């Protein structure tokens, strides 16, 4: 033990795995750590923590197929939203157009590089990762057991959602649009409508997804123990 | 197992933040890896209170220039004029435009300050070991986590105003230094929320239940 500590915490962490419990239904509430047993839920039903009221699990019907369909729709809308102009403006013979990317580009040119990178990240990069990860997860999870990379993407998927701010941007664009409408004629572009649809598609994509279902399919890092836990299922299959 | 409600930590179990699997560390070890997803496991988020406080203090410092410095500069033939966030709210206020003005007021002034106060209150009560109104404090944390992103609205309003109003030499709008500080407040408070571990709210109450059991 002492020897392992001296090689540094990473060496220690890399080879020590926790032992799983004998069943997967026992969980701890992520918000208050209360240990409890998840009931077997019917489709659409949800379980809440009795102590802090956190929703622990909501069982979704056809979660994988629906989420796959919605993330495909999201990918198409995302490409349209970033490829075509979002807003146009005409005033006394002048005309100007901007795309989503154009907003970040103009900030960069005006010397606000850090804010430009933040805008680029929250409305271009993070949504692309959010949709792309979901697409890959739902495709990869069709295999059982699912490959390890599905687990890796699923681990980072909530972070992409935290920083993906399309709906906030859309509200900001609408405020800017009405503000500018007093000075000049504003022409809403196709991308604005694509973004409006994308906000709802992303929300539906997140709502139809059941991470617990995917986690139950992902291949374990520590392979041996999985056999013990899924033993019930295996014995069902065997005659 | 006892009949008293216990937390995973009291039973020596660790819950994976990534995949939710409950597992037991190897004998003698305090931390290990999740056997399902390889995530590093800890009983509580590491240095949660210190990290949250650090981000919160940084956010509170940036909050001052964010509100005092202008966020936009308008250049016209008549000259240059700069607006702070609050001036932007006042400018938007009109018989028809007041709903927008209200949106910006709530998102840019009220949400960031409420967030700083709420997180400060949570840090203070957790450090004091309070056991009162745990459920409401957890709910407060969830609300802060949910609405925090909407403060970014003003950054986007300014971004796209700048991108569109480029009618040189007639009129153009440039971003001003306050925009950076305002964006910093939003990002720093979001990071503070991510570092906070709401299970700490429940820990004093959990240990007391066991004492009296």
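Candidates in region B:69-91 are the residues that are part of a helix (DSSP H, G or I) and touching a helix residue (DSSP H, G or I) at 6+ places or on another chain (Cβ under 7 Å); of these, the one that is nearest to the other protein chains (Cβ to nearest Cβ) is B:88. Restricting to helices (runs of 4 or more DSSP H) lying wholly in region B:92-196: which have 2 or more residues that are surrounded by 20 or more Cβ atoms within 10 Å (Cβ to Cβ) and in contact with a strand residue (DSSP E or B) (Cβ under 7 Å, 6 or more places away or on another chain)? Output list reads B:153-164. Can you confirm whether region A:80-97 contains a residue that is within 10 Å of chain B (Cβ to nearest Cβ), without any contact (Cβ under 8 Å) to a residue 60 or more places away in the chain, under 21 Å from residue A:119 (Cα atoms) and touching a helix residue (DSSP H, G or I) at 6+ places or on another chain (Cβ under 8 Å)? So far as region A:80-97 goes, yes, one or more of its residues are within 10 Å of chain B (Cβ to nearest Cβ), without any contact (Cβ under 8 Å) to a residue 60 or more places away in the chain, under 21 Å from residue A:119 (Cα atoms) and touching a helix residue (DSSP H, G or I) at 6+ places or on another chain (Cβ under 8 Å). When residues in region A:128-146 are screened for being out of contact with any helix residue (DSSP H, G or I) (no Cβ under 7 Å at 6 or more places or on another chain) and within 18 Å of residue A:81 (Cα to Cα), 1 of them pass. Restricted to region A:29-69, the set of strands (runs of 3 or more DSSP E) holding at least 3 residues that are at pLDDT below 90 and either at the interface with chain B (Cβ under 9 Å from one of its Cβ atoms) or touching a strand residue (DSSP E or B) at 6+ places or on another chain (Cβ under 6 Å) (or both) is empty. Only one of (1) free of Cβ contacts under 8 Å to residues at least 40 places away in the same chain; (2) under 27 Å from residue B:202 (Cα atoms); (3) outside any loop (DSSP other than H, G, I, E, B) is not met by residue B:56, so which one is it? So residue B:56 meets the others, but not (1). Set side by side, the residues B:29, B:18 differ, and just one is within 22 Å of the chain's Cα centre (by Cα), under 20 Å from residue A:33 (Cβ atoms) and within 11 Å of chain A (Cβ to nearest Cβ), which is B:18. Taking the conditions exactly as written (surrounded by 15 or more Cβ atoms within 10 Å (Cβ to Cβ) and under 24 Å from residue B:107 (Cβ atoms)), does residue A:139 satisfy them or not? Against the criterion (surrounded by 15 or more Cβ atoms within 10 Å (Cβ to Cβ) and under 24 Å from residue B:107 (Cβ atoms)), residue A:139 does not qualify. Of the residues that sit in region B:37-50 and are out of contact with any helix residue (DSSP H, G or I) (no Cβ under 7 Å at 6 or more places or on another chain) and at the interface with chain A (Cβ under 7 Å from one of its Cβ atoms), which one is surrounded by the most Cβ atoms within 10 Å (Cβ to Cβ)? Only one residue fits best here, namely B:41.
Against the definition (within 30 Å of residue A:208 (Cβ to Cβ) and assigned by TED's automatic domain parsing to the domain that holds residue A:165), how does residue A:87 come out, yes or no? No: the conditions fail for residue A:87. Filtered by the rule that a residue be in contact (Cβ under 8 Å) with a residue 12 or more places away in the chain and under 17 Å from the mean Cα position of the chain (by Cα), region B:144-177 gives B:144, B:145, B:147, B:148, B:149, B:150, B:151, B:152, B:153, B:154, B:155.
Kindly evaluate residue A:76 against the criterion of being assigned by TED's automatic domain parsing to the domain that holds residue A:200 and modelled with pLDDT of 95 or more.
Details: assigned by TED's automatic domain parsing to the domain that holds residue A:200: yes; modelled with pLDDT of 95 or more: yes.
So residue A:76 passes the test.
Kindly indicate whether residue B:66 is away from chain A (no Cβ under 13 Å), farther than 27 Å from residue A:29 by Cβ, touching a residue at least 24 places away in the same chain (Cβ under 8 Å) and buried (at least 20 other Cβ atoms within 10 Å of the Cβ).
No.
The values are calculated or read from the model by the stated rules, or taken from the named source; none is laboratory data. Bear in mind that the values here come from a model prediction, so they are computed numbers and not experimental data. Positions of Cβ are generated from backbone atoms using ideal geometry, with glycine treated the same way; all protein chains shown enter the neighbour counts.
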